[in-house]
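Participant: Before I ask anything, here is the structure I am working with.
The values are calculated or read from the model by the stated rules, or taken from the named source; none is laboratory data. Because the structure is predicted, anything quoted here is derived from the model rather than measured. Backbone-built Cβ (ideal geometry, glycine too); neighbour counts: all protein chains shown.
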């Protein structure tokens with residue numbers, strides 16, 4: 001399956017080009033006000049763009065070497081959730097600065113004792129008049145040390161079943177009582193953090209949606225986290241691609257080792273499979289259908305594909321691969337070394353590969369749950385009970 005995007009005569013393409021002619025070096029604010037940062041968002045923040053229109057805009061911005069503001073969590077996750085359930089005041093206050101990159105956001109979901117079970121969180125938010133008093137701890141908070149706001153889920157009803165009794169908040173990261181501690185990773189970069197809440201008072205007006213209705217909103221956030229119509233880089237849509245690595249190998253005369261050639265061929269095949277899955281997702285959206293299982297399948301495959309790209313690049317570098325700035329076949333590019341060290345995170349962040357496979361098994365293949373949460377039984381026990 002494949003399709004060609006509309007050509008130069010398409011009025012949507014001509015409109016973007018005309019705007020770029022008038023704004024050859026647009027600021028984040030200009031891109032946001034034009035609707036080009038998240039064109040699929042509803043007006044006035046986006047253009048209500050269908051997937052083809054969105055991909056046209058992506059192509060034209062890339063052709064003009066214009067980069068959108070970098071605010072992954074704000075644009076990708078927080079913004080869509082506020083659009084879905086936020087008040088008019090919240091939309092007016094937060095959405096444009098999110099799109100322009102003027103206010104960076106982080107995500108306050110994961111906890112040390114909850115693992116991949118987000119509904120098992122224990123951070124508490126207790127209503128006290130016009131505020132909620134928050135106590136607890138979050139972990140793996142990317143960009144928390146310089147984010148302006150965070151999207152926070154906390155338990156507001158401890159007596160409710162664990163998938164209920166959770167509320168969703170906008171948390172200003174400079175609120176008194178918040179302590180942020182760095183978690184450096186093996187790339188040497190400080191991206192992750194622990195965040196501690198000690199009697200943190202968050203205004204009730206910062207709650208998004210209904211009290212105790214945060215689980216449904218968390219699923220909206222996670223759904224946006226795992227679905228993307230663009231971004232083919234190996235590192236969650238960023239960085240080099242399999243095509244970049246293959247082009248580099250060709251430019252250096254190829255490889256003679258048959259096993260290495262087979263690994264390169266397998267990498268190309270994986271890349272093509274992911275490209276076609278992406279086109280299926282786009283096609284479903286064009287036809288007005290939800291993404292379906294392709295989103296989870298693509299994430300499970302893409303994360304491992306990213307590790308394969310970086311691992312093969314490091315192997316191609318040979319003994320020089322131990323150097324921090326070494327790339328494949330002697331290229332002096334630290335991006336590959338960084339990517340190799342970062343790539344183990346791909347199959348953990350945003351839902352581990354194991355969790356993604358459980359989702360696919362249960363929701364696509366119709367297999368039993370791995371654990372019967374309500375009854376506290378394992379899948380094997382549940383199967384035994386059915387047989388008896």
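Participant: Check off (1) free of Cβ contacts under 8 Å to residues at least 24 places away in the same chain; (2) within 21 Å of the chain's Cα centre (by Cα); (3) farther than 30 Å from residue 273 by Cβ for residue 39 and give me the number that stays unchecked.
Facilitator: It is condition (3) that residue 39 fails.
Participant: Modelled with pLDDT under 95 and either in a strand (DSSP E or B) or within 30 Å of residue 32 (Cβ to Cβ) (or both): which single residue out of 142, 167 fits that description?
Facilitator: Details: 167 fails: modelled with pLDDT under 95.
The match here is 142.
Participant: Which residue out of 200, 170 is touching a residue at least 60 places away in the same chain (Cβ under 8 Å) and in contact with a helix residue (DSSP H, G or I) (Cβ under 7 Å, 6 or more places away or on another chain)?
Facilitator: Values: 200 fails: in contact with a helix residue (DSSP H, G or I) (Cβ under 7 Å, 6 or more places away or on another chain).
170 is the lone residue from the list that is touching a residue at least 60 places away in the same chain (Cβ under 8 Å) and in contact with a helix residue (DSSP H, G or I) (Cβ under 7 Å, 6 or more places away or on another chain).
Participant: Right, here's the next one. Quick one: how many residues across region 147-164 are closer than 21 Å to residue 90 by Cα and either modelled with pLDDT under 95 or part of a strand (DSSP E or B) (or both)? So that I can check it myself, show each step before the final result.
Facilitator: Of the residues in region 147-164, the ones closer than 21 Å to residue 90 by Cα are 147-154, 156.
Restricting the remaining residues to those that are either modelled with pLDDT under 95 or part of a strand (DSSP E or B) (or both) gives 149-154.
Qualifying residue count, region 147-164: 6.
Participant: Something else now. Taking region 120-139, which residues are at positive phi and either at pLDDT below 95 or buried (at least 16 other Cβ atoms within 10 Å of the Cβ) (or both)? Break it down stepwise before answering.
Facilitator: Step one: of region 120-139, the residues at positive phi are 129, 136.
Correct list: 136 only.
Participant: Scan region 79-86 and give yes if some residue there is free of Cβ contacts under 8 Å to residues at least 24 places away in the same chain and closer than 28 Å to residue 148 by Cα, otherwise no.
Facilitator: Here is the first cut: in region 79-86, the ones free of Cβ contacts under 8 Å to residues at least 24 places away in the same chain are none.
Scanning region 79-86, I find no residue that is free of Cβ contacts under 8 Å to residues at least 24 places away in the same chain and closer than 28 Å to residue 148 by Cα, so the answer is no.
Participant: Name every residue in region 327-337 that is touching a helix residue (DSSP H, G or I) at 6+ places or on another chain (Cβ under 9 Å), touching a residue at least 40 places away in the same chain (Cβ under 8 Å) and part of a helix (DSSP H, G or I), in order of residue number.
Facilitator: Of everything in region 327-337, those that are touching a helix residue (DSSP H, G or I) at 6+ places or on another chain (Cβ under 9 Å), touching a residue at least 40 places away in the same chain (Cβ under 8 Å) and part of a helix (DSSP H, G or I) turn out to be 328, 329, 330, 336.
Participant: For region 309-326, enumerate the residues that are surrounded by 13 or more Cβ atoms within 10 Å (Cβ to Cβ) and in a loop (DSSP other than H, G, I, E, B). Walk me through it before giving the result.
Facilitator: Start the filter on region 309-326 by keeping residues that are surrounded by 13 or more Cβ atoms within 10 Å (Cβ to Cβ), which leaves 309-317, 320-321, 325-326.
Selection gives 317, 325.
Participant: Yes or no: residue 202 surrounded by 13 or more Cβ atoms within 10 Å (Cβ to Cβ), outside the structural domain of residue 342 (by TED's automatic domain parsing) and modelled with pLDDT under 95? Full working, then the answer.
Facilitator: Working: surrounded by 13 or more Cβ atoms within 10 Å (Cβ to Cβ): yes; outside the structural domain of residue 342 (by TED's automatic domain parsing): yes; modelled with pLDDT under 95: no.
Considered against the rule, which asks whether it is surrounded by 13 or more Cβ atoms within 10 Å (Cβ to Cβ), outside the structural domain of residue 342 (by TED's automatic domain parsing) and modelled with pLDDT under 95, residue 202 comes out as no.
Participant: Separate question: Specify which of the listed residues (306, 366) is in the same structural domain as residue 237 (by TED's automatic domain parsing) and either at pLDDT 70 or above or more than 17 Å from the chain's Cα centre (by Cα) (or both).
Facilitator: It is 306.
Participant: Hey, another quick one. Among the numbered conditions (1) modelled with pLDDT of 80 or more; (2) surrounded by 14 or more Cβ atoms within 10 Å (Cβ to Cβ), tell me where residue 233 comes up short.
Facilitator: (1)
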